[in-house]
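The values are calculated or read from the model by the stated rules, or taken from the named source; none is laboratory data. Note that the structure is predicted; figures quoted are calculated from it, not measured. Virtual Cβ from ideal backbone geometry, glycine too; neighbours counted across all protein chains shown. When the accessible area is computed, the model is the full protein with side chains, heavy atoms only, and any ligands, DNA or RNA have been set aside. Shrake-Rupley method; radii C 1.70, N 1.55, O 1.52, S 1.80 Å.
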Amino acid sequence: MSEPILSINQLYTSFRVDGETIPAVEGIDLSLYPGEIVGLVGESGSGKSVTSLSVMQLLDETPGEVTGGEVLFQGQDLLKFTDRQKRKVRGNDISMIFQEPMTSLNPVLKIGKQLVEAIREHQRISQTDARKHAIHMLNQVGIPRSEAIMNEYPHQLSGGMRQRVMIAMAMSCDPKVLIADEPTTALDVTIQAQILDVMRNMRDQHNTSILFITHDLGVIAEMCDRVAVMYSGRIVEQGSVYEIFENPKHPYTKGLLGSIPKLGAKEDRLDSIQGQVPTVEDRPKGCKFANRCPFVMDHCWEEEPPLFDGKNRCWLHEREEATE
Amino acid sequence: MKEPLLQVDGLKKHFVSQKGFRKSSKQVVKAVDGVSFDINPGETFGLVGESGCGKSTTGRMIMQMLEATEGTITFDGERLDQLSGKALKKARKDFQMIFQDPYASLNPRMTVRDIIAEPLIVHEMETSNGIDRRVYELLDTVGLPRKVAERYPHEFSGGQRQRIGIARALAVKPKLIIADEPVSALDVSIQSQVLNLLKDLQDEFDLTYLFIAHDLSVVDFISDRIGVMYLGKLVEIGDRDSIIQNPQHPYTKALLSAVPVPDPRAKRERIVLEGDLPSPSNPPSGCPFHTRCPFAWDRCVNETPELQTAETTGHTAACHLLDEL
Ligand SMILES: Nc1ncnc2c1ncn2[C@@H]1O[C@H](COP(=O)(O)OP(=O)(O)O)[C@@H](O)[C@H]1O
Ligand SMILES: Nc1ncnc2c1ncn2[C@@H]1O[C@H](COP(=O)(O)OP(=O)(O)O)[C@@H](O)[C@H]1O
Ligand SMILES: [Mg+2]
Ligand SMILES: [Mg+2]
């Protein structure tokens with residue numbers, strides 16, 4: 001097997017709020033191999049965005065800080081890069097798209113100008129060639145009237161179009177890694193379907209590795225090769241998309257899958273998860289899911305389970321391993 | 001045959017706004033453009049469609065929060081659109097609303113007790129002694145501990161706030177509840193709790209629901225019948241299973257095919273729609289869907305299709321190619 005292109009090892013990130021330290025990500029391990037789409041799924045506040053911002057080193061404008069671990073890109077620790085090195089990597093080797101493209105597009109610059117600038121920042125090509133490349137990229141992501149759109153401003157486009165422009169921009173430098181944080185969450189399903197198609201093509205044609213962050217298990221099942229499930233700042237289970245959906249081990253993963261209504265299933269009730277995500281102060285000492293887990297045992301309250309087999313953070317699984 | 005509890009007939013809402021600087025140029029947004037449906041007592045009618053298709057506007061007209069441009073709304077045998085003053089206030093007791101963002105709909109300066117008690121006082125339903133008892137009863141019903149009565153909305157999570165909103169809606173023992181995207185802002189584990197609760201309450205109190213949402217899987221789960229909206233019009237109506245298993249309108253088919261399903265082996269034949277939703281201020285001629293429909297032909301451009309019953313399924317859809325595709 002090839003080497004991972006990106007590997008996150010024991011990443012810790014926390015926020016300083018009113019003199020207190022709030023842990024947001026606590027010891028994440030996650031690898032991304034070339035051409036692979038890995039899904040990071042979990043409910044709001046579980047730490048998905050903080051993970052992606054830590055990898056991209058975009059925490060500067062927040063009270064957040066990476067306090068431990070490493071993020072290896074092709075074997076080199078991004079966390080140790082100088083500002084100049086970071087800028088070079090960002091947009092060139094690793095690109096990111098966010099949920100709301102309006103925040104990452106400049107409202108007063110025409111689409112074409114923004115694309116050309118982004119391309120020329122990372123590639124030494126002429127204005128004319130950059131413009132040609134930009135139009136090519138817009139066509140690639142399925143934007144009709146691409147030449148006309150070069151001369152329009154972001155607010156003149158619909159949400160779906162803006163998200164496509166963002167993808168075109170993210171792809172324009174042919175990055176090796178794309179980090180997409182809820183890229184389709186704000187969009188209607190028919191537009192989401194178009195965007196997911198574009199991203200899949202990108203992987204197929206350019207062998208781009210994608211870290212796909214979403215709370216939507218349907219999107220995960222459709223897009224990803226492997227999946228990591230986050231809860232309270234930790235990855236509680238990871239595996240191939242088939243393992244996660246067909247044979248989930250962690251009670252939280254099972255609970256999530258039971259919670260979603262399935263089209264055409266004619267269910268009377270949903271198997272929901274009791275209670276709610278605890279606040280940081282209220283997190284149980286042992287397993288963070290203990291207070292909501294239908295299988296909780298005494299031991300779960302006391303000691304946090306490790307990631308057994310690198311796959312599953314649950315004491316039940318340890319017992320299973322022992323009896324196998 | 002039971003009388004429908006709610007009958008909506010030819011409902012329209014055209015928002016008129018000024019366009020540009022010249023006084024004469026008006027822009028008309030046809031948010032809802034001729035919508036008709038019935039809801040039977042005890043039934044859940046799901047209204048589904050993508051954002052901007054007119055679902056909330058429809059709900060607000062039925063709630064009498066917005067005046068209809070045209071059309072009639074008959075509730076429990078009474079023409080709501082003709083009521084006003086005291087008579088409307090009296091009728092209002094029987095239909096209540098639950099909103100997507102419970103936070104925006106709960107007064108931040110009121111305690112949970114006062115929020116839930118307010119409709120009881122407005123409708124003079126309880127003596128002051130009775131009110132406390134009723135508030136506790138309602139908290140029990142929606143699964144909140146009684147001690148939360150003295151707390152304020154900001155102290156609660158989204159799911160708990162939605163429960164407070166539901167308790168308030170239930171307070172006056174309504175017959176109909178209009179729920180506009182009540183679970184869209186919630187995480188899936190909480191969403192499932194609230195959906196189960198809504199089903200339980202329906203059984204317990206014989207409630208009728210108009211359930212508005214953009215998420216087809218949610219609408220499929222909760223509804224007995226479903227209406228699919230596109231650009232201010234209902235393009236298909238029918239029994240839940242018939243719509244989900246046997247969609248007739250090309251838009252419904254595309255919408256269903258676009259829903260991501262949590263099964264990595266699902267084989268799907270996706271109908272990818274071209275382009276974006278047209279603007280309701282400048283809707284296409286003929287069939288509103290013709291600009292994105294893979295089957296559109298001349299007639300679709302020129303003539304608006306009416307809802308007709310499909311021979312194969314017995315439910316209705318508005319398509320010139322009905323029974324031919
Ligand atoms: N700017 C911030 N300031 C303080 N705390 C933050 C900030 N951003 C995130 N957090 C904390 O990090 C946790 C994880 O947030 P996030 O990664 O955004 O979750 P999600 O999984 O929804 O993307 C939150 O619960 C919050 O406590
Ligand atoms: N007060 C208003 N003035 C003008 N246009 C409006 C108003 N309210 C809604 N609209 C427009 O009416 C259309 C339908 O809106 P809405 O009913 O909120 O859709 P949905 O709930 O299906 O997302 C949209 O194009 C929206 O912009
Ligand atoms: Mg996030
Ligand atoms: Mg709405």
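Give the dimensionless ratio obtained when the Cα radius of gyration of chain B is divided by 2.2 N^0.38 Å.
On the way: Rg = 21.0 Å, N = 325, 2.2 N^0.38 = 19.8 Å.
Normalised by 2.2 N^0.38 Å, the Cα Rg of chain B equals 1.06.
Taking amide H as placed 1.01 Å from N in the peptide plane, the amide H of B:Met97 sits under 5 Å from that of B:Ile178, each at least 5 places away or on another chain.
Pairs of Cα atoms nearer than 8 Å and 6+ residues apart set the relative contact order; for chain B it is 20 percent. Each Cα pair under 8 Å and six or more residues apart adds its sequence gap; the mean of these over the residue count of chain A is a relative contact order of 20 percent. If you fit an axis through the alpha-carbon atoms of helix A:127-140 and take the longest principal axis of the Cα set of chain A, what angle between them do you get, 0 to 90°, nearest 10? Value to nearest ten degrees: 50. Projecting label points 7 angstrom from Cα along Cα→Cβ for A:Ala148 and B:Thr111 puts them 6.1 nm apart.
Computed as a quarter of the hull surface, the mean projected area of the alpha carbon convex hull for region A:154-205 stands at 3.7 nm². For the protein assembly as shown, what log10 I(q)/I(0) values come out of the Debye formula at q = 0.06, 0.07, 0.12 1/Å, with one point per alpha carbon and no solvent? Evaluating at q = 0.06, 0.07, 0.12 Å⁻¹ gives log10 I(q)/I(0) of -0.37, -0.51, -1.41. Cα centroid distance between region B:106-121 and region B:130-177, in Å? Using only Cα atoms, the two centres lie 9 Å from each other.
Of the residues B:Glu306, B:Glu50, B:Glu269, the one that moves most in a GNM of chain B with alpha-carbon contacts below 10 Å is B:Glu269.
Along its principal axes, region B:59-161 has C-alpha extents of 46, 30, 23 angstrom, given from the largest down.
B:Phe99 contributes about 70 Å² of solvent-accessible surface, heavy atoms of the protein only, 1.4 Å probe.
Using +1 at the Cβ of each Lys and Arg and -1 at the Cβ of each Asp and Glu in the protein assembly as shown, identify which of B:Ala171, B:Ala104, B:Phe75 lies farthest towards the dipole's positive end. About the Cα centre, the residue reaching furthest to the positive side is B:Ala104. With Cα atoms as the point set, chain A shows a radius of gyration and Dmax of 20.8, 68 Å.
Here the calculated FRET efficiency for B:Gln18 and B:Arg268, from their Cβ-Cβ distance with R0 = 60 Å, stands at 0.85, rounded to the nearest 0.05.
Calculate, in nm to one decimal, what A:Leu79 and A:Asp129 gain on full extension: separation in residues at 0.36 nm each, minus their alpha carbon distance.
On the way: separation 50, 0.36 × 50 = 18.00 nm, distance 3.38 nm.
Gain on stretching A:Leu79 to A:Asp129: 14.6 nm.
Sorted largest first by accessible area at a 1.4 angstrom probe radius, with every protein chain in place, the residues B:His249, B:His154 fall in the order B:His154, B:His249. Our coupling estimate for region A:83-99, obtained by passing each phi through the Karplus curve with A = 6.51, B = -1.76, C = 1.60 and θ = phi - 60°, is 3, 5, 4, 4, 4, 5, 5, 5, x, 8, 9, 10, 10, 9, 10, 10, 4 Hz, Gly and Pro reported as x.
Taking the Cα centroid of region A:98-131 and of region B:35-55, what is the distance between the two, rounded to the nearest whole Å? Here the answer is 43 Å between Cα centres.
With contributions of -39500 (n - 2.57) from each DSSP H run of at least four residues, the per-residue ellipticity at 222 nm computed over the protein assembly as shown stands at -9500 deg cm²/dmol. Heavy-atom accessible surface of B:Arg265, to the nearest 10 Å², is about 130 Å², with a 1.4 Å probe and all protein chains retained. Using a probe of 1.4 Å, the accessible surface attributed to B:Asp241 totals some 50 Å² when neighbouring protein chains are kept in position.
Protein-only accessible surface at a 1.4 angstrom probe places the residues A:Arg131, A:Arg162 in the order A:Arg131, A:Arg162, largest first. Taking the square roots of five times each eigenvalue of the Cα gyration tensor of region A:170-317, the equivalent ellipsoid has semi-axes of 31, 19, 14 Å, listed largest first. When the alpha-carbon atoms of region B:1-129 are used, the pair Rg, Dmax equals 17.7, 60 angstrom.
With +1 assigned to the C-beta of every Lys and Arg and -1 to the C-beta of every Asp and Glu, and no other charges, what is the dipole magnitude of region A:6-231 about the Cα centre in debye, to the nearest 20?
Details: 21 positive and 28 negative charges, 209 e Å.
Rounded to the nearest 20 debye, it is 1000 debye.
Under the simplified labelling scheme, the B:Glu70-B:Trp297 pair shows an inter-label distance of 2.9 nm, with each label point 7 Å from Cα along Cα→Cβ.
Report, to the nearest whole %, how much of the accessible area of the protein assembly as shown belongs to carbon and sulfur atoms, 1.4 Å probe, protein only. Spell out each step's value before the answer.
Working: 13740 of 29200 Å².
C and S atoms contribute 47 percent here.
Between region A:237-302 and region B:277-325, how many Å separate their Cα centres? That distance is 43 Å.
The residues B:Phe15, B:Phe211, A:Phe15, A:Phe295, sorted by heavy-atom accessible surface at 1.4 Å with ligands and nucleic acids left out, run A:Phe295, B:Phe15, A:Phe15, B:Phe211 from largest to smallest.
Compared with the alpha-carbon gap, the fully stretched path from A:Ala265 to A:Asn106 is longer by 52.8 nm at 0.36 nm per residue.
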